[in-house]
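Read-outs throughout are calculated quantities, based only on the coordinates presented, and are distinct from any laboratory measurement. Note that the structure is a prediction, hence the values are computed from the model and not measured. Neighbour counts are summed over all protein chains in view; Cβ atoms, including those assigned to glycine, are modelled from backbone coordinates with ideal geometry.
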Amino acid sequence: MRCKKVRQKLGAYLDGELKQRQKELIKEHLKKCADCRQELTFLAQLSEILKKWKEVECSDEFETNIWQSISLEKEKRFSFQNALWWAEQIFLPVGIAIILIAGVVFLNDFLSENFSPQTFDLEEEYFTLSALDSFQDISPDSLSEVYIDLILEGEGQ
Amino acid sequence: MKEKFKNISDTQLMLNFKSGDIPAFEELIKRYKKSVINVIYRFLGDRDEAEDLALEVFLRVYKSVKRYRVEAKFSTWLYKIAVNLSLSELKKRRKHFSISLNAPITTDKGRPRELIDELADPSPSPEKILEEKERNFLIKKAIGLLPPGQRMVIILQIYEGLSYKEISKILGCSVKSVESRLYRARISLKKRLQSYFKK
């Protein structure tokens, strides 16, 4: 094995990640090559140096904070479910009822406007009657009464 | 409680928790909280942020317990959540600012400090503590300068002692890719931490 190839595998050799055959080949090479042995020593030292970076400790409140977040999450989920329940049990039926009522009213208006032939005649009759009623309210000797008398006389002739 | 769960595997604890056993979840938190916080801390370099994200990791475990199926090791699944959260946090950060080689490294308390501040800590400390602080600072900086993919592989291999296969499952890549990332990461770290090598 060549030095370049061996050096690429030295890390895995050190970590015990090589298959038996590769391990033996590298062992053989290391016996003969001082530079690669030196490289292996550096890699081992590097691991030791890196491991000296101290780990951090968890704060005392860490677990309490987890449980607080969990209960907050539950509350959120509960209020969402609550809203869903209200929507299903109250708002949805009420909404459907309003739509139905509005539909019935609209349909009723629509049908009476378009499919009732007597409507116009009845309206006309009503207005004629109310017009005649208004003549009965004319005060005596008023200009309106004189005018109507003149018309009626004209019609009589 | 420790004794009660002593011989119970993580998977079994998760299954117990799935059927409503809350203390089983508490035990899982106890087992993994330090690892999760430290993986995130070493990746992002900020202790407070690491703790917040670790909290989110356990919250996600809690929320997805109903969907939990024994397909992989519990720890692999947990690390995967931690890694994904760390990577998305890094993406968010990159949108706001880019990392400069001279940028101050944030301390464990979250406040940015320069090396000079670290060394000039007002409390009287022996030489050894100063040396340790300086070394921690330089290792943190050297690892922080690695590309994210290499950084995460180094953290999982060196500090969590995971096998290449486990790392490949967590990161969703091949074992070969893990090996080559580690190789490149080691070359960079060797250059940056040269002063610590005994010749």
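Quick rundown of the values:
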{"read-out": "Packing-based ranking, highest mean first, of A:11-22, B:140-151, B:26-37 given that Cβ atoms within 10 Å are counted", "value": "B:26-37, B:140-151, A:11-22"}
{"read-out": "Averaged over B:61-70, number of beta-carbon atoms from partner chains that fall within 10 Å", "value": "1"}
{"read-out": "Descending semi-axes in Å of the range A:59-116, equivalent ellipsoid built from Cα gyration tensor", "value": "53, 7, 4"}
{"read-out": "Neighbour net charge for residue B:149 - beta-carbon separation under 10 angstrom, K R +1, D E -1", "value": "+3"}
{"read-out": "For B:189-197, mean number of other protein chain Cβ atoms within 10 Å", "value": "3"}
{"read-out": "Spread of Cα-to-Cα distances over 5 Å intervals beginning at zero, given as percent, for the range B:30-78", "value": "5, 20, 28, 22, 16, 7, 2"}
{"read-out": "Within 10 Å of each Cβ in A:55-68, the average number of Cβ atoms from other chains", "value": "6"}
{"read-out": "Burial ordering of A:36, B:173, A:3, fewest other beta-carbon atoms within 10 Å first", "value": "A:3, B:173, A:36"}
{"read-out": "Per-q log10 I(q)/I(0), the range A:22-89, q = 0.15, 0.16, 0.27 Å⁻¹ (Debye; single scatterer per alpha-carbon; no solvent)", "value": "-0.72, -0.77, -1.07"}
{"read-out": "Over the range B:7-63: Kirkwood hydrodynamic radius from C-alpha pairwise inverse distances, Å", "value": "11.9 Å"}
{"read-out": "B:65, A:6, B:39 arranged by Cβ crowding within 10 Å, fewest neighbours leading", "value": "B:65, A:6, B:39"}
{"read-out": "Cβ-based exposure ranking for B:94, B:47, in which fewest neighbours within 10 Å come first", "value": "B:94, B:47"}
